[in-house]
Amino acid sequence: MKPKLWLATSMALVMALSACSNGGGNNAPVNEGGNSGNAGNNGKAANNSSATGEGNAEAGAKAGDDLAYEKVAEPITVNIGFRAPDDKLPEGESNDNNIVSRYLESITGIKVVHTWEAKGEDPFKQKVNLAIASNDLPDALVVDRNQLRKLIDNDMLEDLTEEYEKYGSQLVKDMYDSTKGLALADATVDDKLYGLPNVAIEADAPSLLWIRQDWLDKLKLPAPKTLADLEKIADAFANQDPDGNGKKDTVGLTGDKMVVYGQKPNPNGFDTIFSAFRAFPKNWIKDASGNVVYGSVQPENKEALTKLADWYKRGLIDPQFALYKETQEPIVANKTGLFFGPWWMPYWPLADSVVNDTKADWKAYAAPTDESGKFVTHMAPVTDRYLVVRKGYEHPEAVVKLLNAFTRLERRQDPNAAEVKKLDDFAAETGVHVRNFYPFDLLLDYSDAVVQRYDNVQKALKGELDPNSFDPDMKLVYDYTVTEKENPKKNMDAWKAAKAYELGGGVLFGTDMEKVYSVFYGMTRSMEMKWTTLEKLENETFLKIIVGDLPVSAFDDFAAQWHKLGGDQITKEVADIVNGK
Amino acid sequence: MYSRKNALHYHAMVLPGILLLLLFSVVPIGFAVIAFQNFKPGRGITGSEWVGLENFHYLFQLPDSRLIFFNTIFLAVLKIAANLIVPLVFALLLNEVRVRFLRKSIQTIVYLPHFISWVLLATIFFDVFSLEGIVNQALGLFGIDPVLFYASNRWFPAIIVATDVWKEFGFNAIVYLAALTGINPALYEAAGIDGASRFRQLWHVTLPGVKTTVILLATLALGNVMNANFDQIFNMYNPLVYQSSDIIDTYVYRVGLNDLQYSLGTAVGLLKSVVSFILVVLSYVLASRFAGYRIF
């Protein structure tokens, strides 16, 4: 470490220590890194902190957060790879210099520089892969599970164990703790923490059926429950001109060329159809006799594929679903009134659909159900993206501090009310999502947040709870819901939040669903060599069967080949890990 | 022909191109050694484990490799043939247009697509060939059911070749048009006096006049047999038509950069380069023998 930095760090530490002693006995044991040598400087440091008047005294009760949110003594620069959003910023604002970035820089003292930007999921992933391949990582960036493994393997990441302990805010730690240690364990190898994971909310896992209720009503169709209902609706939407313009320009169910997402769904996965047949492709599950098996090669998939291939052939599935560059195209263009997607669909892409056609009235359903009438869904891993720091970067603590700052802002616990109000107004005025301009696309939340908020907001609307007692997150949802009720579709921000919770959250809350958890998410030794080939085989087979390029019987060949090409070996390895051998 | 001093500015004009070539084509050759390694970026070339020909063994076991080599050569050969014939026919026809203004305007308009990037064209063609696109609407007039061109392994290669020709024929025709203007008008006059019809003139004067150019372009194109145009295919294809249009370059891209199998990707690329090199040498030998084309 450079001497100057060392000085700054110890100063910061000492300040926190002193604040700790000033506050008189508190519970946050953050200063494990601070040794007794530093404690000797207490008096002097205390003077310092009161002299600079950074508000340390009043925050004395939270020494840990004091350090976590403290502005760095000297400006620090972090070079990052940035996932650029679709949001259109107003004139004069740019992705790396806008009201959000300026605010975060003003409270943290950390300057974030975008070494590169990529727009959209795939381009960003490719850009990260390129950065790994060329051994040219920015100081910090967000990577996925495979990339994290690759990076750890190649010894390219900074160990964040200490920085997290020392600088992580209480809020961040609480949310990691809400996963019972699972989130952090996911990014830990040999007791070293190599990445700060996101915390996915449980609600993100199920794929619900989203339907244009106005079309459904127009064609006088009942709400769907079973596969047969879904089939009828898809047929009607494709052939009975639900948008009433006299042209055959609508499609039935839309899909994605991935066919299923397997873990955390985005729009257009067929996951729910598969789970209605009790098939769980891309998940490691336990079969009836308790053996660990790979979901994609189980015979149940064949039934689901038969159904989908039949639908595709009869034109009930969008014939062009595999060709779109962006899967949401038919939804945004209001060519479809029927697709699968998680609870947050109103935020995106449904908001765009409604903007393009204000008559669009979307509803969510927990359908189709399995034979016994139960809605079945696979669950998602608790975390799937990781904020990592390049090995050798001098200020890993700056990255933790940024995470603290924007997580506090995102969870509506930022005490700088005036500034937060400005951001809110900006968002309302421009339609820009503030969260999209955080330096890292990494959201943390409590894992049951969505249904909790839905439930409480509904109770408040009925007068059973006092909304003023809500935490800021919940209060915002409540306020938006009220706004939306008073003036429907006037304020799109209100519409997004209100509908996501009311429709998505509501269905999740009100449905007694069977949740199937994957028993394994990582990689084994053989997977490293062979998984890409197996996955490619799987993806292509599923897609080709659905569009009729291959007969359904090709599934059996695929399953046999999968076992032969290394699947058996991998299954054994996974089973050994799961059974703790 | 030229003194050294006179040639200096020519050399200066070539310099930027040479530099780019060095930077992007010559320097990377050295790094192709990772095809013989289990390359890990963090360890670098010096630190990665040497595995000999293992990547090549694996490559030849993969069912995909035969497919991508076949697709590459198939598409490239079709494109080379079409890109020789169509511009030639077009140039001959245009050459017969007597109104100078019309001739020049057409020439300008048809070579414009050459300057549009495939990223844009891919989007445009997607709409043109989509279910509601203009092609399917036209087919509908004749009572033909709409065809999903982009998802069909039967039609997609044809679309690849056709759109490539559409984009490039105007530009490729320039060379022929230049060759055509180079034919001595006295030959036509003499043929006319001898009573040769327009078609006879074409056959006996025009075609022999451009023969060398055609042979030259054809042999030089041989070096491109392994290049089916990454730009175009990457922007136009989708998983449904991998079978008919996945070429070496797109495969290397997906394997190497999407799936992080750097060494395997490099091995495929290296194999392609070796074959291409042989073909380039061959084409040079042929070009110098049949068209008197010499570089050295």
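For the stretch B:129-137, what does the Karplus curve 6.51 cos²θ - 1.76 cosθ + 1.60, with θ = phi - 60°, yield as ³J(HN,Hα) per residue in whole Hz, taken in order and with x for Gly and Pro?
Calculated HN-Hα couplings, in order: 9, 6, 4, 9, x, 5, 5, 5, 5 Hz.
Given contacts defined as C-alpha pairs under 8 Å and at least six residues apart, what's the relative contact order of chain A, whole-number percent?
19 percent
How much of the calculated P(r) for chain A lies past 31 Å, in percent of all Cα pairs?
More than 31 Å apart: 54 percent of the Cα pairs in chain A.
Under the rule that an exposed site lies in a DSSP loop and has at most 15 other Cβ atoms within 10 Å, name the longest stretch of chain B with no trypsin sites (Lys or Arg not before Pro) of that kind, not counting the sites themselves.
By the stated rule (loop sites, at most 15 other Cβ atoms within 10 Å), B:155-293.
Determine, from the Cβ-Cβ distance of residue A:512 and residue A:88 and an R0 of 56 Å, the FRET efficiency 1/(1 + (r/R0)^6), rounded to the nearest 0.05.
My answer for the efficiency is 0.85.
Order A:379, A:523 by their accessible area, 1.4 angstrom probe, all chains in place, largest first.
Heavy-atom accessible area, descending, gives A:523, A:379.
Check each of the chymotrypsin sites (Phe, Trp or Tyr not before Pro) in the stretch B:140-236 and keep only those in coil by DSSP with at most 13 other C-beta atoms within 10 angstrom; list them in order.
Here the sparse-neighbourhood loop sites are B:142.
Check residue A:284: other-chain or 5+ apart residues with amide H under 5 Å from its amide H, H built from backbone geometry?
The list, which skips near neighbours in sequence, is A:295, A:519, A:520.
Which GluC sites (Glu not before Pro) in the stretch A:411-492 pass both tests, a DSSP loop state and at most 13 other beta-carbon atoms within 10 Å?
Here the sparse-neighbourhood loop sites are A:464.
Taking only protein heavy atoms and a 1.4 Å probe, what accessible area per residue, in Å², does the stretch A:449-513 have with all protein chains in place?
On a per-residue basis, the stretch A:449-513 sits at 47 Å².
Any idea what diffusion coefficient the stretch A:489-581 gets from Stokes-Einstein, in µm²/s, Kirkwood Rh on alpha carbon pairs, 10 °C, 1.306 mPa s?
93 µm²/s
Below 8 Å, C-alpha to C-alpha, sequence gap of six or more: please give me the relative contact order for the stretch B:126-166 in percent.
28 percent
For each pair in A:218/A:544; A:125/A:496; A:363/A:515; A:220/A:496; A:88/A:150, compute the distance between the two Cα atoms and list the pairs where it is over 29 Å.
Too far apart for the 29 Å limit: A:218/A:544; A:88/A:150.
Using a 1.4 angstrom probe on the protein heavy atoms only, could you order B:106, A:331 from most to least accessible area?
B:106, A:331
Using R₀ = 41 Å, calculate the FRET efficiency as 1/(1 + (r/R₀)^6) where r is the Cβ-Cβ separation of residue A:130 and residue A:102; round to 0.05.
After rounding, the FRET efficiency stands at 0.90.
Among bridges DSSP assigns within the protein assembly as shown, what percent are antiparallel (round to 5)?
Counting DSSP beta bridges with both partners in the protein assembly as shown, the antiparallel share is about 60 percent.
Compare the Cα positions of B:195, B:24, B:11 along the charge dipole of the protein assembly as shown (+1 at Cβ of Lys, Arg; -1 at Cβ of Asp, Glu; about the Cα centre) and return the one farthest towards the positive end.
Toward the positive end, the furthest listed residue is B:195.
Can you tell me the relative contact order of the stretch B:105-225? Whole percent, Cα pairs under 8 Å, sequence separation 6 or more.
23 percent
Quick one: ranking A:249, A:191, A:256 by accessible area, 1.4 Å probe, largest first, what do you get?
Of A:249, A:191, A:256, the descending order of accessible area is A:191, A:249, A:256.
Summing +1 for each Lys or Arg and -1 for each Asp or Glu, what net charge is found among the other residues whose Cβ lies under 13 Å from the Cβ of residue A:206?
-2
Contour minus end-to-end for residue B:57 and residue B:23, with contour as 0.36 nm per residue of separation and end-to-end as the Cα-Cα distance?
In short, 9.2 nm is gained.
Go through the stretch A:305-321 residue by residue and turn each phi into a ³J(HN,Hα) via Karplus (6.51, -1.76, 1.60, θ = phi - 60°); whole Hz please, and just put x for glycine and proline.
5, 4, 4, 5, 5, 4, 4, 4, 4, 8, x, 7, 9, 3, x, 9, 4
I'd like the Karplus ³J(HN,Hα) series for the stretch A:179-191: coefficients 6.51, -1.76, 1.60, θ = phi - 60°, whole numbers in Hz, and an x wherever there's a Gly or Pro.
9, 6, x, 5, 4, 5, 4, 5, 10, 10, 10, 6, 6
The values are calculated or read from the model by the stated rules, or taken from the named source; none is laboratory data. No experiment lies behind these values; they were computed from the predicted model shown. Here the Cβ is made from the backbone with ideal geometry for all residues, glycine too, and neighbour counts use every protein chain on show. When the accessible area is computed, the model is the full protein with side chains, heavy atoms only, and any ligands, DNA or RNA have been set aside. Shrake-Rupley method; radii C 1.70, N 1.55, O 1.52, S 1.80 Å.
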